[in-house]
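Below is one structure, written out as structure tokens, with a few remarks after it.
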There are 2 protein chains.
Amino acid sequence: MALGDAILACLTEHPMTGYELAKTFDSSIGFFWKTDHQQIYRELSRLRDRGYIQGREVVQTGKPNKLVYTLTPEGRAAFRSWAARPSTPASVKDDLLVRLYALGAADIAPIRADLMARLEHHRDRAERYDRILKKHYADGSVAPADMGKLLNLRLGLRHERMVAEWCEEAITALSAISNSGSVRPLDPPSRETAG
Amino acid sequence: MALGDAILACLTEHPMTGYELAKTFDSSIGFFWKTDHQQIYRELSRLRDRGYIQGREVVQTGKPNKLVYTLTPEGRAAFRSWAARPSTPASVKDDLLVRLYALGAADIAPIRADLMARLEHHRDRAERYDRILKKHYADGSVAPADMGKLLNLRLGLRHERMVAEWCEEAITALSAISNSGSVRPLDPPSRETAG
DNA sequence: GACGCATATGCGTCAATGTGCATATGGGGT
DNA sequence: ACCCCATATGCACATTGACGCATATGCGTC
């Protein structure tokens with residue numbers, strides 16, 4: 001029930017609607033836990049049935065009414081006890097690395113194109129994290145409750161930078177294969193590959 | 001059907017039994033795609049039904065007979081066409097980061113313990129990758145077909161090192177919170193945290 | 001006026017995954 | 001004798017996930 005716990009984690013901050021949760025999962029917390037709004041609404045019903053959250057309808061004009069969900073004491077306790085349990089090791093699932101694993105039985109060109117798309121993606125992410133870090137955590141003091149978010153951001157930033165760098169190398173390496181049959185050991189990244 | 005494709009990727013190298021595949025998924029390819037033997041056997045049946053692989057029973061004495069699966073031409077083509085499609089962005093799901101996200105509503109001690117376990121895990125992994133790199137890819141020439149595995153290893157090594165370093169920082173930061181109420185901005189990692 | 005977009009909530013279906021359990025045998029430790 | 005481990009295969013059930021679709025309204029734009 002990890003999605004449920006991720007939702008509870010969001011609601012520890014302040015009450016939210018499913019729509020707001022969906023937006024949160026599309027930005028901050030979504031960087032390490034992906035879902036869509038359908039799954040969120042489904043999970044919200046379940047959490048409500050278990051008494052972990054409470055819905056309160058807010059009438060709106062011009063927009064559909066919304067359901068603001070608040071954490072109950074039981075919900076807060078449930079999150080706390082979940083958080084105290086050892087975490088399950090992060091699951092990694094990356095299509096692209098599977099393709100690279102069997103590179104000998106695949107076509108190079110589409111994989112190289114894939115890598116170039118990834119490079120852009122990771123660069124964007126890195127910039128985004130950097131901006132958030134500079135804006136919200138401008139290297140002063142950090143409230144203890146926000147320390148985790150800061151740590152997450154730092155991990156994210158380093159991860160994106162590292163992967164982007166790797167993408168550059170990988171693109172160079174694949175170009176070497178498709179251009180000539182023979183392959184030199186990897187050169188340091190040339191920094192001009194994607195221009 | 002991504003697990004199926006990962007299995008096909010393994011079988012492009014040489015025929016294998018479900019048991020051998022399970023071991024492979026527990027080591028090399030499992031570093032970026034996790035499963036267990038149950039899922040592998042189930043997927044093997046499906047791949048066989050679709051004609052992508054062919055099973056051949058090998059009678060053994062003292063052990064249960066085994067089923068060696070070979071890629072059919074159709075299977076090889078299926079893998080190739082899958083590999084040519086753009087990859088779906090890697091899904092990230094990490095419990096620990098969810099816990100950190102809502103650190104203010106959780107107990108610090110078990111999370112710090114978790115981080116210490118992770119630190120050890122990532123250090124082990126880094127060492128393991130390093131050993132494989134030095135053993136199999138001792139910086140000479142690389143066959144084009146093996147380039148992908150080399151790239152994967154390099155990514156893995158950097159990833160493990162980076163995360164291990166981050167774990168050290170995170171442990172230091174959490175100790176600062178639980179020891180005193182106030183929190184300084186993160187110090188550069190001390191490199192002496194873990195003995 | 002038709003169309004897309006943002007707001008806001010949800011259902012239904014099928015594929016993929018995770019978890020527990022079952023079965024069969026031989027070898028090594030206690 | 002008993003138990004655990006390695007070898008080797010697999011079923012059944014439950015949860016999660018992906019994807020399409022539905023509904024309702026107001027605003028801007030073509």
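Suppose we keep only residues that are closer than 22 Å to B:ARG112 by Cβ and crowded, with 17+ Cβ neighbours inside 10 Å within region B:124-150. Which one would you say is nearest to the other protein chains (Cβ to nearest Cβ)? Step through it out loud before you land on a result.
From region B:124-150, those closer than 22 Å to B:ARG112 by Cβ are B:124-126; that's our starting set.
Checking the rest, the ones that are also crowded, with 17+ Cβ neighbours inside 10 Å come to B:125-126.
Values: B:ARG125: 11, B:ALA126: 13 Å.
Checked region B:124-150; the qualifying residue nearest to the other protein chains (Cβ to nearest Cβ) is B:ARG125.
Quick one: which residue in B:ARG85, B:ARG50 is under 15 Å from A:ALA105 (Cα atoms), open to solvent by 20 Å² or more (accessible area, probe 1.4 Å) and within 15 Å of DNA strand C (Cβ to nearest atom)?
Values: B:ARG50 fails: under 15 Å from A:ALA105 (Cα atoms).
Just a single option satisfies the conditions, and that option is B:ARG85.
For region A:91-102, name all the residues that are of a type outside the set (D, E, K, R), surrounded by 16 or more Cβ atoms within 10 Å (Cβ to Cβ) and without any contact (Cβ under 8 Å) to a residue 12 or more places away in the chain. Walk me through it before giving the result.
Kept after step one, since they are of a type outside the set (D, E, K, R), are these residues of region A:91-102: A:91-92, A:96-98, A:100-102.
Filter once more, keeping what is surrounded by 16 or more Cβ atoms within 10 Å (Cβ to Cβ): A:92, A:96-98, A:100-102.
A:VAL92, A:LEU97, A:VAL98, A:TYR101, A:ALA102 - these are the residues of region A:91-102 that are of a type outside the set (D, E, K, R), surrounded by 16 or more Cβ atoms within 10 Å (Cβ to Cβ) and without any contact (Cβ under 8 Å) to a residue 12 or more places away in the chain.
Just to be sure I understand, how many residues within region A:151-177 are facing chain B (nearest Cβ under 8 Å) and either in contact with an Asp or Glu (Cβ under 7 Å, 6 or more places away or on another chain) or open to solvent by less than 10 Å² (accessible area, probe 1.4 Å) (or both)?
Count: 5.
Taking into account only those residues within region A:31-47 that are within 14 Å of chain B (Cβ to nearest Cβ) and more than 10 Å from DNA strand C (Cβ to nearest atom), which is most open to solvent (accessible area, probe 1.4 Å)?
Only one residue fits best here, namely A:LYS34.
Are any residues in region B:57-78 within 10 Å of DNA strand D (Cβ to nearest atom) and open to solvent by 30 Å² or more (accessible area, probe 1.4 Å), and if so, which ones? Step through it out loud before you land on a result.
If we filter region B:57-78 for residues that are within 10 Å of DNA strand D (Cβ to nearest atom), which is where we start, we get B:57-58, B:60, B:62-69.
B:GLU57, B:VAL58, B:GLN60, B:GLY62, B:LYS63, B:PRO64, B:ASN65, B:LYS66, B:LEU67 - these are the residues of region B:57-78 that are within 10 Å of DNA strand D (Cβ to nearest atom) and open to solvent by 30 Å² or more (accessible area, probe 1.4 Å).
Determine, yes or no, whether A:THR70 is farther than 20 Å from B:PHE32 by Cβ and touching a Leu at 6+ places or on another chain (Cβ under 9 Å). Walk me through how you get there before you give the answer.
Working: farther than 20 Å from B:PHE32 by Cβ: yes; touching a Leu at 6+ places or on another chain (Cβ under 9 Å): yes.
In short, yes.
Filter region A:39-53 for residues that are outside any loop (DSSP other than H, G, I, E, B) and over 21 Å from A:SER91 (Cβ atoms); which is nearest to DNA strand D (Cβ to nearest atom)? Give the steps one after another, and end with the answer.
Step one: list which residues in region A:39-53 are outside any loop (DSSP other than H, G, I, E, B), which gives A:39-49, A:53.
With over 21 Å from A:SER91 (Cβ atoms) added as a condition, the list becomes A:41, A:44-49, A:53.
Numbers: A:TYR41: 9, A:LEU44: 12, A:SER45: 12, A:ARG46: 7, A:LEU47: 11, A:ARG48: 14, A:ASP49: 12, A:ILE53: 15 Å.
Looking at the filtered set, the residue picked out is A:ARG46.
Applying the selection to region A:1-25, what residues are open to solvent by 10 Å² or more (accessible area, probe 1.4 Å), part of a helix (DSSP H, G or I) and away from chain B (no Cβ under 13 Å)?
Of everything in region A:1-25, those that are open to solvent by 10 Å² or more (accessible area, probe 1.4 Å), part of a helix (DSSP H, G or I) and away from chain B (no Cβ under 13 Å) turn out to be A:TYR19, A:GLU20, A:ALA22, A:LYS23.
The values are calculated or read from the model by the stated rules, or taken from the named source; none is laboratory data. Bear in mind that the values here come from a model prediction, so they are computed numbers and not experimental data. A quick note on method: Cβ atoms are made from the backbone with ideal geometry, for glycine too, and the neighbour counts reach across all protein chains shown. Ligands, DNA and RNA are stripped out before the accessible areas are found, and what is left, the full protein with its side chains, is counted by its heavy atoms. Shrake-Rupley method; radii C 1.70, N 1.55, O 1.52, S 1.80 Å.
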